[in-house]
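Report on the following structure.
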Amino acid sequence: MTEVSHQQWGQVSGLGPVDVWVLQSSQVRVEVLSFGAIIRSVHCSGNDGQMKDVVLGYDDLEGYVSDKRYFGAVVGRVANRIAGGHFTVEGTEYQLDLNNGPNALHGGLKGFNKAIWCATAVDNGVQLRLSSPDGDQGYPGELEVSVCYTLLGNTLTAEYRARSTKTTPVNLTNHTYFNLAGQNAKDIYDHEVSISAPSYLPVDDTLIPTGEIRAVEGSPFDLRKPVLLGPRLKEGLGPGFDHNFCLSAPKDAWSERHAARVRHPASGRVLEVSTSQPGVQFYTANFLDGSIEGKAGVRYGKHSSFCMETQNWPDAVNKVSFPDCLLHPWEEYHHITRFIFSTV
């Protein structure tokens, strides 16, 4: 049984109070904020029995309010990048604000990561709900969104649902930065990673997929067997991984499947990820540069962490060959991701 508790953690000017929710099982302790539906911390033990926080973040609420790197947050209405911030739905053109060079990223200038969600206790966890009005950040339709975080033993589950009054693109994910050595470790070069993907999406110089679906075979993107990250990140990948990996199709197109496994040999900590989404954006914190002061004064530098952003493929609203990302008024958006923490 998981203990669930909460208390006020601060106040955001013009928005209201923010609570921190604590989910405590016999093996894992998770903190969730009602601001941004943020996973603020995950404490889990290594082979030595020592509990460490393996999630990057901030000591206070102001850090998250001013944050520009989406630490731990649910991002939406559309995660990842939309080319030119432009798309057409049912014959109507929409132009979003541009907040990532020439593109729109992670929902816009004030996406779901900057909102206070309504939080309520559920069995073994917390449900957070948000209403996004018609026209929010340029998107059509009023969207009712929820994410439910539950903790059972060593498994943290994130279950997303949404409904819209108009046809709109939706692609929700969580943007937690992990370091299995602890949030204060310098880098992730000593982590081993595998991703169950036979192909990936090449990107242009603004990180928009070109439209090609390329086999990982014979490339640095072949992570189907465990790979030590340090050498791989130095094999001409540019700044690092920031690519969508196309997961193998299961028998049932939207059932859960294994997506990724990350192991930190020194501590024995392992993170396994499963999802019902068709892709995972593997990101190696390429744009952290030491300027951000995180928990306990730690400076987060390049390759200090990794993200496993389970999601639909980036810019799917503009790529007819990609999995459909449109939510219609008669449908419910629903997907599940599980993070499983263990030791070996």
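Would you check which residues across the range 164-202 are surrounded by fewer than 23 Cβ atoms within 10 Å (Cβ to Cβ) and free of Cβ contacts under 8 Å to residues at least 60 places away in the same chain and list them? Scanning the range 164-202 gives PRO198, SER199, PRO202.
In the range 220-231, which residues are farther than 7 Å from SER194 by Cα, touching a strand residue (DSSP E or B) at 6+ places or on another chain (Cβ under 8 Å) and assigned to a loop (DSSP other than H, G, I, E, B)?
PHE221
Scanning the range 268-280 for residues that are surrounded by 22 or more Cβ atoms within 10 Å (Cβ to Cβ) and either within 18 Å of LEU228 (Cα to Cα) or among the aliphatic types (A, V, I, L, M) (or both) yields ARG269, LEU271, VAL280.
One line per residue, one yes/no per condition, for (1) touching a residue at least 40 places away in the same chain (Cβ under 8 Å); (2) more than 23 Å from SER131 (Cα to Cα):
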| residue | (1), (2) |
| --- | --- |
| MET51 | no, yes |
| ASP60 | yes, yes |
| VAL75 | yes, no |
| VAL89 | yes, no |
| LEU105 | no, no |
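Quick check, is PHE322 part of a strand (DSSP E or B) and either out of contact with any His (no Cβ under 7 Å at 6 or more places or on another chain) or surrounded by 15 or more Cβ atoms within 10 Å (Cβ to Cβ) (or both)? So that I can check it myself, show each step before the final result.
Working: part of a strand (DSSP E or B): no; either out of contact with any His (no Cβ under 7 Å at 6 or more places or on another chain) or surrounded by 15 or more Cβ atoms within 10 Å (Cβ to Cβ) (or both): yes.
Here the answer is no, as PHE322 does not meet what is asked.
Answer with yes or no whether ALA259 is among the aliphatic types (A, V, I, L, M) and either surrounded by 19 or more Cβ atoms within 10 Å (Cβ to Cβ) or in contact with a helix residue (DSSP H, G or I) (Cβ under 7 Å, 6 or more places away or on another chain) (or both). Judged against the criteria, ALA259 is a match.
Taken over the range 191-208, the residue count meeting the criterion of being within 27 Å of ASN318 (Cβ to Cβ) and under 18 Å from the mean Cα position of the chain (by Cα) is 7. Quick check on the range 138-154. Is at least one of its residues in a strand (DSSP E or B), charged (D, E, K, R) and under 30 Å from GLU331 (Cβ atoms)? Among the residues of the range 138-154, at least one is in a strand (DSSP E or B), charged (D, E, K, R) and under 30 Å from GLU331 (Cβ atoms), which makes the answer yes. Within the range 191-214, restricting attention to residues that are of a type outside the set (Gly, Ala, Ser) and assigned to a strand (DSSP E or B), the residue that is farthest from HIS264 (Cα to Cα) is PRO209. Among the conditions (1) outside any strand (DSSP E or B); (2) under 20 Å from the mean Cα position of the chain (by Cα); (3) of a type in the set (D, E, K, R), ARG40 misses just one, which is (1). More than 16 Å from the chain's Cα centre (by Cα) and part of a strand (DSSP E or B) - does that describe any residue in the range 29-36? Yes - at least one qualifying residue is present in the range 29-36. Search the range 25-39 for residues being out of contact with any helix residue (DSSP H, G or I) (no Cβ under 8 Å at 6 or more places or on another chain) and in contact (Cβ under 8 Å) with a residue 24 or more places away in the chain, and hand back the single one that is farthest from TYR177 (Cα to Cα). Looking at the filtered set, the residue picked out is SER26. Note on the range 1-28: among residues that are outside any strand (DSSP E or B) and small (Gly, Ala, Ser), the one that is surrounded by the most Cβ atoms within 10 Å (Cβ to Cβ) is SER25. Taken as a whole, the condition of being under 14 Å from THR168 (Cβ atoms), under 21 Å from the mean Cα position of the chain (by Cα) and buried (at least 20 other Cβ atoms within 10 Å of the Cβ) applies to GLY76. Across the range 119-141, the qualifying residues are those that are under 20 Å from ILE82 (Cα atoms) and touching a residue at least 24 places away in the same chain (Cβ under 8 Å), and the one among them that is surrounded by the fewest Cβ atoms within 10 Å (Cβ to Cβ) is ASP134.
Could you say whether any residue in the range 182-190 is more than 18 Å from the chain's Cα centre (by Cα), of a type in the set (Asp, Glu), modelled with pLDDT of 95 or more and not in a loop (DSSP other than H, G, I, E, B)?
Restricting attention to the range 182-190, the residues satisfying the condition of being more than 18 Å from the chain's Cα centre (by Cα) are 182, 184-187, 189-190.
Cutting the leftovers down to of a type in the set (Asp, Glu) gives us 187, 190.
Filter again for modelled with pLDDT of 95 or more, leaving 187, 190.
From what's left, not in a loop (DSSP other than H, G, I, E, B): none.
No - not one qualifying residue is present in the range 182-190.
Could you say whether any residue in the range 155-165 is at pLDDT 95 or above, within 26 Å of PHE287 (Cβ to Cβ) and acidic (Asp, Glu)? There is no residue in the range 155-165 that is at pLDDT 95 or above, within 26 Å of PHE287 (Cβ to Cβ) and acidic (Asp, Glu). Restricting attention to the range 240-247, does a residue exist that is in contact with a Lys or Arg (Cβ under 7 Å, 6 or more places away or on another chain), under 21 Å from ASN312 (Cβ atoms) and touching a residue at least 24 places away in the same chain (Cβ under 8 Å)? Checked against the condition, which is being in contact with a Lys or Arg (Cβ under 7 Å, 6 or more places away or on another chain), under 21 Å from ASN312 (Cβ atoms) and touching a residue at least 24 places away in the same chain (Cβ under 8 Å), the range 240-247 yields at least one hit. Within the range 232-244, the residues that satisfy the criterion of being under 22 Å from ASP289 (Cβ atoms) and not in a loop (DSSP other than H, G, I, E, B) are ARG232, LEU233, ASP242, HIS243.
The values are calculated or read from the model by the stated rules, or taken from the named source; none is laboratory data. This structure is a prediction, so every number in the text was calculated from the model and none was measured. Positions of Cβ are generated from backbone atoms using ideal geometry, with glycine treated the same way; all protein chains shown enter the neighbour counts.
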